[in-house]
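**Student:** Have a look at the structure that comes next, please.
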Amino acid sequence: MGTMVKVGMADLNVCLPPDSITTLGLGSCVGIVLYDPAKKISGMAHVMLPDSSRIRNNENVAKFADTGIQELYNRVIKLGANRSALIAKIAGGAQMFAFNSNNEMLKVGIRNVEAVKNKLASLHIPIVAEDTGLNYGRTIEFYPENGSLLVKSVGKPVKTL
Amino acid sequence: MAEVKLDEMNHMQFDVLREIGNIGAGNATTALSQMLSAKIDMKVPKIDLLEFKELGELIGGAENIVVGILLTLQDDIEGMMMFLVEKKAAKSMVKLLMGGFGSGDDEEFSEMELSAMQEIGNIIAGAYLSSLSALTNMKITSSVPYMAIDMAGAILSVPAIEFGKISDKALLIETEFGDVGNEVNGYFILIPTLESYGQILTSLGL
């Protein structure tokens, strides 16, 4: 058994078998896995916000969907992943509190998922599986050995994507 | 207006914010104590400047199941107020409030219990905010309380994202409370926006 690499909030890392990679308690944030199935090279990012260009304080690239996915992409390519072989799996982007107001501040989950999809599309990386939206938190674990992504939530059975 | 930079706050500013936590949480704890007819103590408030990575670990780890009650703040102070209680402690609280009735620790919350929990959140957040308002002479209005029962990391991501827009760290005024047997414990967290921090400090003459 390998060790489990932990990715925090606004953080990213790469992972090779036999290790696995995880991020805990995704709420409105989105977890993105990039994976080259042939070479079993993977990486995971935990992004909080959609767009770095609209925010002044953006030193931490892993915080944003646009810059975070770019950085993750660079890292897996550097490890030897094949550009055209890369696939993506994404999870998160929930709306944690059931607000009925139109408060923009609280719809960030939806906007995060959109931004993640746009960025992946611009890099020509297909999303092969996703578990996004709704109103509950998710913990995700990715195993590059077989490419499975486990999604765990409170009071729900574990999903395998 | 006092300009606040999260990385450059001085001791004086920290002390004032701690005092705000002290007064707000003190009133909230009293309200909770009266409501539950139980003796509840609070600890000395902490001012935490945390990286996002650390934030999820605040309350017993990112996967710890907690009840989170969130109110958004408007007017002179903008931001959020959160009240976080571990699931088991929330059950004990509701049981005290409903005179011993309630579901078992492992069961889901009933409609009645959810509504009771929300009311607890409402009253103590009101007590916290009204004392803050009186102290600073600022007008604060809050939204209705919103509630979620989920992993601590997921719930704390909501205020974290707000901070993410302005900073790579989050500043919290955090106060832990509990009864003697530690059955009822939790956290009050006040999360003003950066501008509001400046306004609070200015209103108190800093």
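**Student:** Report yes if some residue within region B:34-51 is within 14 Å of chain A (Cβ to nearest Cβ) and modelled with pLDDT of 85 or more; otherwise report no.
**Tutor:** No, there is no match, as no residue in region B:34-51 is within 14 Å of chain A (Cβ to nearest Cβ) and modelled with pLDDT of 85 or more.
**Student:** Within region A:1-59, how many residues are at the interface with another protein chain (Cβ under 9 Å from one of its Cβ atoms) and of a type in the set (Phe, Trp, Tyr)?
**Tutor:** Of the residues in that region, 0 qualify.
**Student:** Then there's this: Would you confirm whether any residue within region B:175-184 is more than 27 Å from residue B:16 (Cα to Cα) and crowded, with 22+ Cβ neighbours inside 10 Å?
**Tutor:** Within region B:175-184 (the criterion being more than 27 Å from residue B:16 (Cα to Cα) and crowded, with 22+ Cβ neighbours inside 10 Å), the answer is yes, since at least one residue qualifies.
**Student:** Could you tell me whether residue B:124 is in contact (Cβ under 8 Å) with a residue 12 or more places away in the chain, within 14 Å of chain A (Cβ to nearest Cβ) and either assigned to a helix (DSSP H, G or I) or among the hydroxyl-bearing types (Ser, Thr, Tyr) (or both)?
**Tutor:** Working: in contact (Cβ under 8 Å) with a residue 12 or more places away in the chain: yes; within 14 Å of chain A (Cβ to nearest Cβ): no; either assigned to a helix (DSSP H, G or I) or among the hydroxyl-bearing types (Ser, Thr, Tyr) (or both): yes.
When the stated conditions are applied, residue B:124 does not pass them.
**Student:** Within the set of pairs 6+ apart or on separate chains, which have a first residue in region B:101-120 that is under 20 Å from residue A:154 (Cα atoms), a second that is of a type in the set (D, E, K, R) and surrounded by 13 or more Cβ atoms within 10 Å (Cβ to Cβ), and C-beta atoms under 7 Å apart?
**Tutor:** Listed pairs, sorted by first residue: B:103/B:113; B:105/B:88; B:105/B:91.
**Student:** If only one of B:197, B:187 is in contact (Cβ under 8 Å) with a residue 24 or more places away in the chain and closer than 25 Å to residue B:41 by Cβ, which one is it?
**Tutor:** Checking each option against the conditions leaves just B:187.
**Student:** Taking the condition assigned to a helix (DSSP H, G or I), more than 13 Å from the chain's Cα centre (by Cα) and not β-branched (Val, Ile, Thr), does residue B:134 pass?
**Tutor:** Working: assigned to a helix (DSSP H, G or I): yes; more than 13 Å from the chain's Cα centre (by Cα): yes; not β-branched (Val, Ile, Thr): yes.
Here the answer is yes, as residue B:134 does meet what is asked.
**Student:** For residue A:135, all conditions in the list (1) within 14 Å of chain B (Cβ to nearest Cβ); (2) modelled with pLDDT of 95 or more hold save one; what is the number of the exception?
**Tutor:** The number of the failed condition is (2).
**Student:** Next up: Which count do you get for residues in region B:82-119 that are part of a helix (DSSP H, G or I), in contact with an Asp or Glu (Cβ under 7 Å, 6 or more places away or on another chain) and among the small types (Gly, Ala, Ser)?
**Tutor:** Matching residues across region B:82-119 total 2.
**Student:** So is residue A:94 within 10 Å of chain B (Cβ to nearest Cβ), of a type in the set (A, V, I, L, M, F, W, C) and surrounded by fewer than 17 Cβ atoms within 10 Å (Cβ to Cβ) or not?
**Tutor:** Answer is no for this residue.
**Student:** Please indicate, with yes or no, whether at least one residue in region B:85-98 is within 22 Å of residue B:35 (Cα to Cα), away from every other protein chain (no Cβ under 14 Å) and among the acidic types (Asp, Glu).
**Tutor:** no
**Student:** May I pose another question? Conditions first: (1) within 12 Å of the chain's Cα centre (by Cα); (2) more than 10 Å from chain A (Cβ to nearest Cβ). Residue B:77 passes all but one, so which condition is the exception?
**Tutor:** Just one mismatch for residue B:77, condition (1).
**Student:** Oh, and also: Return the residue satisfying two criteria in turn: it lies in region B:32-54 and is within 14 Å of the chain's Cα centre (by Cα) and not in a loop (DSSP other than H, G, I, E, B), and of such residues it is surrounded by the most Cβ atoms within 10 Å (Cβ to Cβ).
**Tutor:** Ranking the qualifying residues of region B:32-54, first place goes to B:32.
**Student:** So, one more: Applying the selection to region B:154-195, what residues are of a type in the set (Ser, Thr, Tyr) and either in a strand (DSSP E or B) or away from chain A (no Cβ under 14 Å) (or both)?
**Tutor:** Of everything in region B:154-195, those that are of a type in the set (Ser, Thr, Tyr) and either in a strand (DSSP E or B) or away from chain A (no Cβ under 14 Å) (or both) turn out to be B:175, B:187.
**Student:** Any chance you could count how many residues in region A:138-161 are away from chain B (no Cβ under 14 Å) and closer than 22 Å to residue A:39 by Cβ?
**Tutor:** 10
**Student:** Any idea how many residues of region A:24-72 are out of contact with any Asp or Glu (no Cβ under 8 Å at 6 or more places or on another chain) and of a type in the set (D, E, K, R)?
**Tutor:** Step one: list which residues in region A:24-72 are out of contact with any Asp or Glu (no Cβ under 8 Å at 6 or more places or on another chain), which gives A:26, A:28-39, A:41, A:43-44, A:47-49, A:54-56, A:58, A:67-72.
Next cut, of a type in the set (D, E, K, R) only: A:36, A:39, A:54, A:56, A:71.
Of the residues in that region, 5 qualify.
**Student:** Of all residues in region B:11-24, which are of a type in the set (Gly, Ala, Ser) and modelled with pLDDT under 85?
**Tutor:** Answer for region B:11-24, where residues must be of a type in the set (Gly, Ala, Ser) and modelled with pLDDT under 85: just B:21.
The values are calculated or read from the model by the stated rules, or taken from the named source; none is laboratory data. The shown structure was predicted, so the numbers you read here are calculated from the model rather than taken from an experiment. Because the Cβ atoms are built from the backbone with ideal geometry, glycine has one as well, and the counts that use them run over all protein chains shown.
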